[in-house]
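Take a look at the structure below.
The values are calculated or read from the model by the stated rules, or taken from the named source; none is laboratory data. Predicted, not measured: the structure shown is a model, and the values here were computed from it. All Cβ positions, even for glycine, are placed from backbone atoms using ideal geometry, and neighbour counts span all protein chains on display. Calculation scope for accessible area: heavy atoms of the full protein, side chains included, ligands and nucleic acids excluded. Shrake-Rupley method; radii C 1.70, N 1.55, O 1.52, S 1.80 Å.
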Amino acid sequence: MSSRDRILARVRRAVGERGPEPEIPRDYLRVHGVRTPAESTDLLAAHLAEYRAKVHRTDEDGLPPLLTRLLAERGCETVLVPPALPPHWLAAAAGPVRIHDRAASTPSELDRVDSVVTGCALAVAETGTIVLDGGPDQGRRRITLIPDHHICVVRVPDQVVDSVPQALERLDPVRPLTWISGPSATSDIELDRVEGVHGPRTLEVVLLGAQ
Amino acid sequence: MSGTYLGMPAFPEAAREAVRDGVLRANLRHATHTIRGKRALAVAELADWDRLRAAGRAVKDHTLRHLDRYLLQLEAAVTAAGGTVHWAADAEEANRIVTELVLATGERELVKVKSMATQEIGLNEALQAAGITAYETDLAELIVQLGHDRPSHILVPAIHRNRGEIRDIFRTEMGRWGRPAPEPLGDDPRELAEAARLHLREKFLRAEVAVSGANFMVAETGTMVVLESEGNGRMCLTLPETLISVVGVEKVVPTFRDLEIFLQTLPRSSTAERMNPYTTMWTGTTDGDGPSAFHLVLLDNGRTDTLADPVGRQALRCIRCSACLNVCPVYERAGGHAYGSVYPGPIGAILSPQLRGTADAIDASLPYASTLCGACYEVCPVAIDIPEVLLHLRERVAQGGPVTRDGIRVRIRPAHGHTAERAAMRAARLLLGHPGALRAGERLLARARRLRPRRLPGPGRAWTDSRELPAVPAESFRDWWAREREACR
């Protein structure tokens, strides 16, 4: 008998006869509070900031100069770009060198890159979370992981949902999903929160919409 | 379960040692009280907390009752998404499967995401025996591994260490495992975290194989879910070519939608955050993104035996948040090592004796490692009635009875050391059944009350080791009652 059959047989013996089941109660809230789209965006910004992400707001015209400034402030010389990042986002002439994530590029090569700029799949206001699903403006999971500086652009209000239940119903589980709430952090030493350890130590979120 | 802790003293002895350690008690008190306060605030933010808790409990109970169906559905979904599913009845089999998978890659080292299941089966030791080095990459697990230590908390395994101790471990041990700690090294948490970042980064960037557990597995879609904070999980889950996940069979949930409950209750219960910094979800393999080979090892190792006990099976609802550890007055003083298991605290006190059986002295003593104050039940996000299971297991230890071991119904005998307890109960039954004898005994006791010893001799001694023998009143209740009624007439 294979272990598979053995385990399944043990389960069946253990649970015995299965009578009628009570329904799973789903009376918990879909969303905690009623908000206008602007209020949801404000809540997202507040929660992101509370987890020590840096939050910026701008419109389409203001985005390229803002990104240029944010990269320059860190002395960024090389920036990773996903395959379908809107070209005009990094349109400024004198910017850092753009690096493309190729199949052949090794983690060590990516480790030498200063920053990464991506879009996102959606953001969750109640928890201060951005979710990446590997879409063309986000790229592979590794590009938002190895560089020390991640700038993520969220289109507001279209990409903002209020709650975790609303986020899950908009996501495709077959895609690789990364939920990010604030930059990498640890509390393993005397429960003192320290940003960093392995993921990007600086997360900047740009809320892109009408000003 | 693995025999890693053979020779471990039973809980009372281990706890007695631990409470004498002033540094340990201070570290633990600081940590548990900090996180306890923060958790209450995070939970209070959600008006529907009780409903989320009830829903989480119902989803878990439902899944356990139909575990066979959901495991088969999960297997089909993972396979369809390009993964391979293996089934392991016990620790030995799981270790063998993982070892063979690693050897087949030609690699002799791997990186690990913090995982309770792999600790439970002693995977690192088994890999070591096969010449494979497993590097723990969670900061706390790294501290434990470098310190040749054992984890003492589910969420923060190095909770028993303070910054000075951690600096000393990094200074002396990092160089033996790879990149040494920078000199000079202070004890500021920021500096220590930076040392860990540099030490581990060289391992992440060259790793070809990773081993993880999972917080949840979705039967409907085959999606695996790992919650973490540092990003070491993301490193292990996405950079290597081969990913092997060892996951207890009870971690399955039916639908992707069910995650909406646990993604709200788990972070708030464990780290007291609205959401943990990173959650990774993956389904089989994805072309061009992440590992090209994914293996899922489904682990039983006593879980189906636990499922066979209608009272005890609720322990399988556990989502390993560790909230029960942080509120437990016994854990706070005794520390995690006293529990002699990778699962310490209240949940460990009910989980370990079920997964491993109660044959060992440590496992037989665990159901008694509690004041039954009920705080653990109050904070549990899946409403496990830990005190109920503790009492149930105490009865099993003292009285023996039917249990399931390795899938077979057997009857266990009362544990050694409980003979006095049973003799006392038999005597009490006899006396209470014979009122005349009871009255005579009470009068005799009242007259001899001045002779009351402070400690009992013989088998009763263990009981008076930690308690005063109660004073004997001058008159028994029954005599008093009779006299009072006489006076009223």
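At a glance:
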| read-out | value |
| --- | --- |
| For chain A: relative contact order, % (alpha-carbon pairs under 8 angstrom, 6 or more apart) | 25 |
| DSSP-defined antiparallel bridges as percent of all bridges, region A:35-208, nearest 5 | 25 |
| Built amide H within the under 5 Å cut-off of A:D101, gap 5+ | A:V81 |
| Antiparallel bridge percentage (DSSP; both residues within chain B; nearest 5) | 35 |
| Cysteines in chain B lacking a second Cys C-beta under 4.7 Å | B:C236, B:C318, B:C321, B:C328, B:C373, B:C380, B:C488 |
| Region B:145-203, dipole about Cα centre (Lys/Arg Cβ +1, Asp/Glu Cβ -1), debye to the nearest 20 | 220 |
| Chain B, relative contact order [Cα under 8 Å, separation at least 6], % | 19 |
| Sequence ranges B:311-322, A:130-141, B:438-449, ranked by mean other-Cβ count within 10 angstrom, highest first | B:311-322, A:130-141, B:438-449 |
| Charged-residue dipole, Cβ positions (Lys, Arg, Asp, Glu), the protein assembly as shown about Cα centre, Debye nearest 20 | 3520 |
| Sequence of B:R454, B:R234 when ordered by accessible area, the most exposed leading, probe 1.4 angstrom | B:R454, B:R234 |
| Cα-derived Rg over Rh, computed across chain B with Rh taken as Kirkwood radius | 1.04 |
| Sequence of B:H434, A:H149 when ordered by accessible area, the most exposed leading, probe 1.4 angstrom | B:H434, A:H149 |
| Stretchable slack from B:R108 to B:A424, in nm (0.36 nm times residue separation minus alpha-carbon distance) | 108.0 nm |
| Options B:L103, B:A272, B:S292, ranked by Cα towards positive dipole end of region B:46-299, top entry (Cβ charges) | B:A272 |
| Given B:K60/B:K114; A:K54/B:K112; A:K54/B:K60; B:K114/B:K251; A:K54/B:K251, the pairs whose alpha carbons are separated by over 27 Å | A:K54/B:K112; A:K54/B:K60; A:K54/B:K251 |
| Shape call, region B:1-123: gyration tensor on alpha carbons, a/c limit 1.5 | oblate |
| Largest to smallest accessible area among B:T371, A:T68, B:T280 [probe 1.4 Å] | B:T371, A:T68, B:T280 |
| In Å², nearest 10: area of A:L85 left accessible to a 1.4 Å probe | 20 |
| Listed residues A:V79, A:V153, A:G62: farthest to the positive end of the dipole of region A:35-208 (Cβ charges) | A:V79 |
| Relative contact order of region B:268-383, pairs being alpha-carbon contacts under 8 Å that are 6 or more residues apart, as % | 25 |
| Check: chain B dipole with +1 on Lys, Arg Cβ and -1 on Asp, Glu Cβ, in debye | 2840 |
| Two-decimal ratio, the protein assembly as shown, of alpha-carbon radius of gyration to 2.2 N^0.38 Å | 1.06 |
| In sequence order, calculated HN-Hα J values of region B:178-191 (Karplus, 6.51, -1.76, 1.60; Hz; x Gly/Pro) | x, 4, x, 5, x, 10, x, 10, x, 10, 6, x, 4, 5 |
| Cα-only radius of gyration and Dmax that characterise region A:59-175, units Å | 14.6, 43 |
| Theoretical ellipticity at 222 nm over the protein assembly as shown - DSSP helices of four or more residues, -39500 (n - 2.57) apiece, nearest 500 | -12500 deg cm²/dmol |
| Within a Gaussian network of chain A (alpha carbon springs, distance under 10 Å), most fluctuating of A:S115, A:S105, A:S181 | A:S105 |
| Surrounding net charge for B:E241, when Lys and Arg each add one and Asp and Glu each subtract one, Cβ distance under 11 Å | -2 |
| Gaussian network model of chain A, Cα within-10 Å springs - most flexible of A:E190, A:E73, A:E23 | A:E23 |
